[in-house]
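Undergrad: Please read through the structure below; I'll follow up with questions.
The numbers here are math on the coordinates, done by the rules we state, and not lab data. For clarity, every value in this text was computed on a predicted model and none was experimentally measured. Virtual Cβ from ideal backbone geometry, glycine too; neighbours counted across all protein chains shown.
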Protein chains: 2
Amino acid sequence: MKRRATPASPERVWIDGRRASRLDVRDRGFQYGDGLFETMRVQAHTVRLLDLHLARLQSGCRRLGIDAPNDRTLRRELAEAASWRADGVLKLIVTRGRGARGYRPPTGVHATRVMIAGAPPAAPPGTAAAVRLRVCRTRLGLNPGLAGLKTLNRLESVCARMEWRDPKIWEGLMLDADGHVVCGTMTNVFVRRARSLHTPLLDRCGVAGVMRRWVLSEAAGLRLRAREVRMRWSDLAEADEVFLTNAVAGVVPVAVVQSGARRVRPPSSDAAERLRARLALL
Amino acid sequence: MKRRATPASPERVWIDGRRASRLDVRDRGFQYGDGLFETMRVQAHTVRLLDLHLARLQSGCRRLGIDAPNDRTLRRELAEAASWRADGVLKLIVTRGRGARGYRPPTGVHATRVMIAGAPPAAPPGTAAAVRLRVCRTRLGLNPGLAGLKTLNRLESVCARMEWRDPKIWEGLMLDADGHVVCGTMTNVFVRRARSLHTPLLDRCGVAGVMRRWVLSEAAGLRLRAREVRMRWSDLAEADEVFLTNAVAGVVPVAVVQSGARRVRPPSSDAAERLRARLALL
């Protein structure tokens, strides 16, 4: 029997560059979710879309007033983490650091870096299979100040993900308080109609994924007109194609979108397949 | 010089009933803010309003589907923590527990209990001085599923608290996305006009504090008609009295509310003073 060589331990953890797996409970990341994270795909010991991940992290730190870790330090530590396992997932968490009780951030505090290297994800990534998507009851609260950021405040996503157990449903689509389509619990969503490629505006809530950014930058090369819009269920119903994106799974075609008794079955997965082919070359 | 005996260390931490201060980073409390907390006042080695705190915690766990810790275990551990320091603050954090990557909660996981005992707060608690309150730009997103809960997702409060540094301003008042007054960053707000005592409805966002619950239950005894309402700036402007509450500070009269160039100076602190007198008897 042929077996792939796999590391003995399923995960490896570093805190501030050192192997450790336990964090001071007074860290504001734990106390308040006062931090950000990036979930990255490692392939052949290389972090895919590394520059986009680091750019988003730095931008998020600026917006939250977190003293961002040094870029060269992060690159060195990510490279070390990626050297452990050829193929996998790397999660980098950056918090505001440790502080005393109270919401007000202390001055002169240093950000905490936590890195977790683990196994690659289960299907559907790596297959071309289209997935089933459901619309969640849990809505995303509007908060322009945090909109777009991948913060450690993820309870809305947790609540949405708790709504279903059917393993045939891969992802849940979340609407905002006004009923607009925003994003999946762990993905961004794109809708193609002819040559128009639309994805929801994330100026009021939602997480602006790195793979979303990459798709937006690739669209012109595929002769698609990409645009961020306020999206409704009717946009899904009229779509030629719907696909989901995230940094780990890449680009995932949607076969069915269900909302209560309503079903939408987008007929095409053409753009998603072309994007997957491009992604495979990275 | 007479000195009060104080413990050598400013804080003491327990995790799952044992002295420890470092938590596994894979705990969902850190990964997603997937948990709740209670901040309690300890006086004469006794946790003030203990039953209300535990009832809110159990109710929050039920709403989030967290397997709540055993009530007797919590009472025993809180009593032990309160025995360390006669006068102080006790923060109890309960998370969903440790889990693998992904928002979906794992099955069969046990909640994590973290307890931090520390020093009593600085002024204004313990004084009768009225405080200055400002209205924050950071709005609370609407999320009925999480409304009222004191979850570990506290970034909105952190962002609001970052808006000012003036030490003369004790608290920031937060509005919801629709402009209604909801609560302070760390307090609830009450507005009295004649014999009507109003506090914002917390069915769409905000944290329903234990001291708020206590004040609502005491109101009838003070011959006040308490009611939860949708509150606007105009309610503050027309108030005879405005006060803030939380479990640590108790009941805190407001001298000034400022919103940009607008100022409101409620003339009375009568109800707050009577509530403080009752609270002192607990």
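Undergrad: Quick one: Karplus J couplings for segment A:70-83, per residue in order, coefficients 6.51, -1.76, 1.60, θ = phi - 60°, nearest Hz, x for Gly and Pro?
TA: Result, rounded to whole Hz: 4, 4, 5, 4, 4, 4, 5, 6, 5, 5, 5, 5, 6, 6.
Undergrad: Quick check on the exposure proxy: order B:CYS61, B:CYS159, A:CYS183 from fewest to most C-beta atoms within 10 angstrom.
TA: Numbers: B:CYS61 19, B:CYS159 23, A:CYS183 28.
Sorted ascending by nearby Cβ count, the order is B:CYS61, B:CYS159, A:CYS183.
Undergrad: 5 Å is the cut-off here: which amide hydrogens, built 1.01 Å from N in the peptide plane, fall below it relative to B:ALA177, excluding neighbours closer than 5 in sequence?
TA: Counting only residues 5 or more places away or on other chains, the set is B:LEU140, B:LEU142.
Undergrad: For segment A:121-200, take the convex hull of the Cα atoms, compute a quarter of its surface area, and give me that in nm², please.
TA: Working: hull surface 26.4 nm².
Result: 6.6 nm².
Undergrad: Also, quick follow-up: Defining the label point at 7 Å along Cα→Cβ, can you sort the distances from B:GLY108 to the same site in each other copy, shortest first, in nm?
TA: Result, one decimal in nm: 4.9.
Undergrad: Find which of B:MET115, B:LEU275, B:GLY172 sits farthest along the positive direction of the dipole of chain B, computed with +1 on the beta-carbon of Lys and Arg, -1 on that of Asp and Glu, about the Cα centre.
TA: B:MET115
Undergrad: For A:TRP164, what is the net charge nearby, where nearby means another residue's Cβ is under 11 Å from its Cβ and Lys, Arg count +1, Asp, Glu -1?
TA: +4
Undergrad: How big is the dipole moment of segment A:131-280 about its Cα centre under a simple scheme where the beta carbon of each Lys and Arg is +1, that of each Asp and Glu is -1, and everything else is neutral? Debye, nearest 20, please.
TA: Values: 26 positive and 15 negative charges, 34 e Å.
Taking the Cα centre of segment A:131-280 as origin, the dipole is about 160 debye.
Undergrad: Report the residue, chosen from B:LEU23, B:LEU244, B:LEU175, that carries the largest GNM mean-square fluctuation when chain B is represented by alpha-carbon nodes joined by springs under 10 Å.
TA: B:LEU23
Undergrad: Let me ask something else about it. Quote the convex hull volume per residue of segment B:62-112, based on C-alpha atoms, as a whole number of Å³.
TA: Working: hull volume 5.2 nm³, N = 51.
With only Cα atoms used, segment B:62-112 gives 102 Å³ per residue.
Undergrad: I need the per residue convex hull volume for segment B:152-193, using only the alpha carbons, in cubic angstrom as a whole number. If you can, show how the numbers build up before the last one.
TA: Numbers: hull volume 4.0 nm³, N = 42.
It is 96 Å³ per residue.
Undergrad: Counting only residues 5 or more places away or on other chains, whose amide H sits under 5 Å from the amide H of A:ASP24 once H atoms are built in the peptide plane?
TA: Placed amide hydrogens put B:LEU23 under 5 Å from A:ASP24.
Undergrad: Step through the residues of segment B:94-111 one at a time and calculate ³J(HN,Hα) from phi using the Karplus curve (6.51 cos²θ - 1.76 cosθ + 1.60, θ = phi - 60°), rounding each to whole Hz and writing x for Gly and Pro.
TA: Ordered by residue, 3J(HN,Hα) equals 10, 10, 5, x, 7, x, 6, 4, x, 5, 5, x, x, 8, x, 8, 9, 4 Hz.
Undergrad: Follow-up. Short version: ³J(HN,Hα) in whole Hz for each residue of segment B:241-247, in order, from phi by Karplus 6.51 cos²θ - 1.76 cosθ + 1.60 (θ = phi - 60°), x for Gly and Pro, what are they?
TA: So the Karplus estimates, Gly and Pro as x, are 7, 10, 9, 10, 9, 7, 5 Hz.
Undergrad: Shifting gears a bit: Divide, for segment A:221-279, the radius of gyration over alpha carbons by 2.2 N^0.38 Å, where N is the residue count. Don't jump to the answer; show the numbers that get you there.
TA: Working: Rg = 12.3 Å, N = 59, 2.2 N^0.38 = 10.4 Å.
That works out to 1.18 for segment A:221-279.
Undergrad: List A:GLU11, A:GLU241 from most exposed to least, where exposure is judged by having the fewest other Cβ atoms within 10 Å. If you can, show how the numbers build up before the last one.
TA: Working: A:GLU11 18, A:GLU241 21.
Placing the least packed residue first, the sequence is A:GLU11, A:GLU241.
Undergrad: How many percent of Cα pairs in chain A exceed 37 Å?
TA: Working: 5476 of 39621 pairs.
Within chain A, distances greater than 37 Å cover 14 percent of Cα pairs.
Undergrad: Based on the Cα gyration tensor of segment B:12-118, what are the three equivalent ellipsoid semi-axes, each the root of five times an eigenvalue, rounded to whole Å and given largest first? Walk me through the intermediate numbers first.
TA: Numbers: eigenvalues 120, 44, 21 Å².
They are 24, 15, 10 Å, listed from largest to smallest.
Undergrad: Can you tell which of B:PRO120, B:PRO105, B:PRO200 shows the greatest fluctuation in a Gaussian network model of chain B with Cα springs below 10 Å?
TA: For chain B, modelled as a Gaussian network with Cα springs under 10 Å, the answer is B:PRO105.
Undergrad: Something else about it: Within a Cβ distance under 14 Å of A:CYS61, other residues only, what is the Lys/Arg minus Asp/Glu net charge? Before the final figure, lay out the partial values.
TA: Working: positive: A:ARG28, A:ARG56, A:ARG62, A:ARG63, A:ARG96, A:ARG113, A:LYS150; negative: A:ASP34, A:GLU38, A:ASP67, A:ASP71.
Net of charged neighbours comes to +3.
Undergrad: About the Cα centre, and with charges only on the beta carbon of Lys, Arg (+1) and Asp, Glu (-1), how big is the dipole of chain A? Nearest 20 debye, please. List each step's numbers first, then the result.
TA: On the way: 50 positive and 27 negative charges, 65 e Å.
For this selection, approximately 320 debye.
Undergrad: Does anything in segment A:9-53 have its amide N under 20 Å from the 7 Å Cα→Cβ label point of A:THR107, and if so which residues?
TA: A:28
Undergrad: Rg and Dmax of the protein assembly as shown, Cα atoms, in Å?
TA: So, for the protein assembly as shown, Rg and Dmax equal 24.8, 84 Å respectively.
Undergrad: Is there a simple number for the mean count of other chain Cβ atoms within 10 Å of the Cβ of residues in A:12-18, and what is it? Please report the intermediate quantities before stating the final value.
TA: On the way: counts 0, 3, 1, 2, 0, 0, 0.
Going residue by residue through A:12-18 and averaging, the value is 1.
Undergrad: If you draw the axis that swings chain B onto chain A, which residue of B has its Cβ closest to it, and how far is that in whole Å?
TA: Taking the axis that maps B onto A, the answer comes out as B:GLY141, 1.
Undergrad: Still on this structure: How shielded is B:146-153 by partner chains, expressed as the average number of their Cβ atoms within 10 Å of its Cβ atoms?
TA: Working: counts 6, 1, 0, 1, 0, 5, 10, 9.
Across the residues of B:146-153, the mean count of other-chain Cβ atoms within 10 Å is 4.
Undergrad: How large, in Å, is segment B:123-282 by the Kirkwood hydrodynamic radius built from its alpha-carbon pairs?
TA: This gives a value of 15.5 Å.
Undergrad: As a test of the formula, what do you get for the protein assembly as shown when each DSSP H run with n ≥ 4 contributes -39,500 (n - 2.57) and the sum is divided by the residue count, at 222 nm and rounded to the nearest 500 deg cm²/dmol? Present the calculation step by step, with values, prior to reporting the outcome.
TA: Numbers: 14 runs with 132 residues, N = 564.
Estimated from H runs of four or more residues: -6500 deg cm²/dmol.
Undergrad: Next question, about the same structure. Taking chain B as a Gaussian network, Cα atoms linked when under 10 Å apart, which of B:MET162, B:MET115, B:MET174 shows the biggest mean-square fluctuation?
TA: B:MET162
Undergrad: Can you sort B:VAL135, A:VAL252 so the residue with the fewest Cβ neighbours within 10 Å comes first? Spell out each step's value before the answer.
TA: On the way: B:VAL135 19, A:VAL252 26.
Ranked by crowding around the Cβ, least crowded first: B:VAL135, A:VAL252.
Undergrad: Cα atoms only, segment B:62-195: Rg and Dmax in Å?
TA: When restricted to the Cα atoms of segment B:62-195, Rg and Dmax are 18.3, 55 Å.
Undergrad: Report relative contact order for chain A in percent, whole number only (criteria: Cα-Cα under 8 Å, sequence separation at least 6).
TA: 17 percent
Undergrad: Skipping prolines and chain starts, which residues have an amide H placed within reach, meaning under 5 Å, of the one on B:ALA68, given they are 5 or more residues away or on another chain?
TA: Amide H to amide H, under 5 Å and 5 or more residues apart or across chains, B:ALA68 pairs with nothing.
Undergrad: On average, how many beta carbons from a partner chain sit within 10 Å of the beta carbon of a residue in B:95-107?
TA: Working: counts 1, 1, 0, 0, 0, 4, 9, 7, 12, 9, 3, 0, 1.
Mean number of neighbouring Cβ atoms from other chains: 4.
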